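Each reported figure results from applying straightforward, stated rules to the coordinates on display, with no laboratory input. Computed from a predicted model, the values in this text were never measured in an experiment. Because the Cβ atoms are built from the backbone with ideal geometry, glycine has one as well, and the counts that use them run over all protein chains shown.
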Amino acid sequence: MSILDIFLWGVLPYVVVVILVGGTIWRYKYDQFGWTTRSSQFYESKLLKFASPLFHYGMLGVFGGHVVGLMIPQSWTEAVGITEDMYHIGGALIMGIPFGLVTLLGLIVMVFRRRTNKSVFAATTVNDKIMYVLLMATIAFGMAVTVISAFQGPHGHNYRADISPWFRSLFIFQPEVSLMHDVPLEFKIHIISAFVLFILWPFTRLVHAFTAPFHYLFRPYIVYRSRGGEKPGGRRGWDPVGTSDRESLLK
Amino acid sequence: MRVMAQVSMIMALDKCLGCHTCSVTCKQAWTNRAGTEYVWFNNVETRPGLGYPKRYEDQEQWKGGWTLNKRGRLELKAGNRFKKLFTIFASPIQPQMSDYYEPWTYDYQNLINAPLGDDFPVAKPKSLITGEDTAIDWSANWDDDLGGTFETGDQDPIVQKIRRESEEKIKFEFEKTFMFYLPRICEHCLNPSCMASCPSGAIYKRSEDGIVLVDQDRCRGWRQCITGCPYKKIYFNHKSGKAEKCTFCYPRIEHGIPTVCAETCVGRMRYIGIFLYDADRVSEAASVADEKELYQAQLDIMLDPFDPEVLREAKKQGIPQSWLEAAQKSPVYKLAKEWKIALPLHPEYRTMPMVWYVPPLSPIIDLLKEQGHDAESKDNLFGAIDSLRIPVEYLAELFTAGDTTVVVNVLKKLAAMRAYMRDITLGGVGKEEIAQAVGMTGEQIYEMYRLMAISKYSERYVVPKAHMEDAHNLEEIGCSLDTDGGPGMLYDDAFSGTGERPTPISTGSYANTARADGKVNIFAWDGKTRPDAMFPDTKGSTRV
């Protein structure tokens, strides 16, 4: 167990959580005006219309797969008669690969669109670019891990024997760092890449995921609000007239 | 009965000269920022024409507004709540930049910097989105004054509908065509479908004055409101990623002064006042099965501000006395409910729009004049209104879901007013029978004439001030000393000697609007004093 192991698997996860939660709270409190999907559908719709749902619905499936794989102990699934092979083939491969591919395909098309459509590219910030690199890296390595395991068949690495217990050990503040020592490199890269993505998450447009509007199903259609009801405060406000982008466009 | 107050506007279309001053002043006040280049809270359309954005009235394409579901209940035309959430990852029906236009500027530098040569240098158009050369092929006003209507007029959804239904042709041949202007702002609906579409609940109706606003902090940019609004009067700020819309100039309205578009209207065609309405019956009225009855249903929930029961109930709901008095003097109530000459725009969208229109008589008068008839004679006018089916049907599609009888009645009242007043102007007496022919009295006609033709600022705009008990909560109102009787009132003298304005405005001078943070409240600046805070000293620059 090297210092690096302790840092990566014993310290970094908590740093990630602190920044992810703290950063999100900070942003929610101080940057409501910046909290948006920053949609670019206004510029280009044809590609977005199929790529974005592919990516998002794929992502929902991928997220569900991670929750099951990381949170439900192997002993539980075996107790109900699901062997490791059955789980690997049925869950990880048959469900995981399609969802992963759909997500990756959606993302590739969206990045392609962002790069090739001039209007969309002009509206892309440095922040967006860094976020896209990390998102792509995380998803690509996640996909690679799954595909590699498919070729290895039953001899592949069983992540539910080491990564999942380590992940659960984080929650009780007893990180079992040693479990991660022998994990294959592609898994490690996927996890580290995800950590960096989570650190940046609160400061990118990805925050829109945290305000998914489920309450729309329950609220009344018509909303009345009193004029003096809410105090404005801490808002960033509108940009002044003659913002820099006009000038920079026409240099 | 739940009485609520609604600030409302009426536009008398005969008086619109199509000068676009309203659009320009509105833009200067509200949308002269990057991200809102293409945003026109107020725009003036030439009809027939495609409107802005293109063909926004075709709800089979855009799915705006409400529809009745199988059980006869109101449902968003774009789908129920579940459908809306399931399709949130890429909004399925969304106008593109090409449905508005790609904002541009010109490369004026080239006029100065171009090398010496045989040709005159030109200022090439440049896209404000990509910064590259662009071809200008559409704008907010491309078919202004029927420009290009020979080519595009056939795509006007209303022209198409009338042609489908009535074999008869709307002609675009020069001598047979007609046109009028239609200025449009947000309708500040009683049953707004934009609000109902918003997944985040960021759009709200102010309970005091009914103004519909987007909470910029709560908007998450899902853009469902843009699909939901059948008038396409919610715009997407492509820089901030948030929805923006006409605010009914609420900071001005709170001070008892009219909106910028109304204040600057050259033709004085706009009226602002308040309605009292029964909020409990809005859904019921919007769910009437027959589209042609929606106008009457909407009129029915507008309450009589002289009815003691209404007044009692209004007081119980906490509507201040000054607002009830304003409701009694309201020009919009007179035009819409008392004389019934103002009609809502597209009642068939079932949103209960609160910007109403007095339909134009001028296309008919113009035609009579051209044919050499006496365009002021009652009989000529009445006959022409009936026989000139095309403009009437076109107007009916705009204002009454296609019911021509309502439009004909309104036009007849306007024609009667002309004929009645001509007799008086020529030194005679108004003929009572002209008034009776349209179900009015001569007295009413005269009062109508006064409001329509020569009313003063204070009659056209009856806007009660917001009650300032909680003024400190409002960002726009900097100084709580400005309320009636407060020390801030001292500066009202700044207005003496300006003549025209009948009512002083509480914070109507710059000195009065100085804010604690040193910034300027531009909406209440009087335009005379120098607002120093707007010209900060910047390092290294010298003042000119």
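Tabulated results
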read-out: Separation in nanometres of the label points that stand 7 Å from Cα toward Cβ, at B:PHE150 and B:GLU263; value: 4.3
read-out: Other-chain or far-sequence residues with amide H under 5 Å of B:GLU45's (modelled H); value: B:LEU182, B:ARG184
read-out: Three-way shape label, the stretch B:358-463, alpha-carbon gyration tensor, a/c 1.5; value: oblate
read-out: Averaged over B:199-207, number of beta-carbon atoms from partner chains that fall within 10 Å; value: 6
read-out: Mean projection area, nm², convex hull over Cα of the stretch A:3-214; value: 13.3
read-out: Kyte-Doolittle mean at least 1.6 and Cα axial length at least 20 Å: DSSP H helices in chain A; value: A:185-200
read-out: Inter-label distance for A:ARG225 and B:ILE424, nm, one decimal - labels placed 7 Å from Cα along Cα-to-Cβ; value: 4.7
read-out: Computed over the stretch A:3-214: relative contact order in percent, which uses C-alpha pairs under 8 Å that are six or more apart; value: 36
read-out: GNM flexibility winner over chain A from A:GLY65, A:GLY22, A:GLY96 (Cα, springs under 10 Å); value: A:GLY22
read-out: For B:150-160, mean number of other protein chain Cβ atoms within 10 Å; value: 0
read-out: Label zone at A:PHE151 (point 7 Å along Cα-to-Cβ), backbone N below 15 Å, the stretch A:175-197; value: A:185-187
read-out: Computed FRET value (nearest 0.05) for A:ILE82 with B:GLU443, which takes r as the C-beta separation and R₀ as 60 Å; value: 0.10
read-out: Inter-label distance for A:ILE6 and B:LYS161, nm, one decimal - labels placed 7 Å from Cα along Cα-to-Cβ; value: 7.5
read-out: Highest-first arrangement of B:376-388, A:117-129, B:356-368, where packing means the average Cβ count within 10 Å; value: B:356-368, B:376-388, A:117-129
read-out: Between the stretch B:7-39 and the stretch A:55-74, the alpha-carbon center distance in angstrom; value: 51
read-out: Gyration tensor verdict on the protein assembly as shown (Cα atoms; rounded if a/c is under 1.5, prolate if a/b is larger than b/c, oblate otherwise); value: prolate
read-out: Filter on A:LYS29/B:LYS63; B:LYS292/B:LYS315; B:LYS316/B:LYS337; B:LYS292/B:LYS329; B:LYS378/B:LYS456 - keep pairs with C-alpha separation over 31 Å; value: A:LYS29/B:LYS63; B:LYS292/B:LYS315
read-out: Test item: A:77-86 mean partner chain Cβ contacts at 10 Å; value: 0
read-out: When each of B:LYS70/B:LYS334; A:LYS188/B:LYS242; A:LYS118/B:LYS239 is checked by Cα-Cα distance, pairs over 27 Å; value: B:LYS70/B:LYS334; A:LYS188/B:LYS242
read-out: Least to most buried among B:TYR461, A:TYR132 (fewest other Cβ within 10 Å first); value: A:TYR132, B:TYR461
read-out: Order of A:ARG227, A:ARG115 under a 10 Å beta carbon neighbour criterion, fewest first; value: A:ARG115, A:ARG227
read-out: Residue-span extension gain [A:MET95 to A:ARG168] - 0.36 nm each, minus C-alpha spacing; value: 24.0 nm
read-out: Exposure proxy ranking, count of Cβ atoms within 10 Å, fewest first, for A:MET86, B:MET4; value: A:MET86, B:MET4
read-out: For the stretch A:106-225: rounded, prolate or oblate by the Cα gyration tensor [a/c cutoff 1.5]; value: oblate
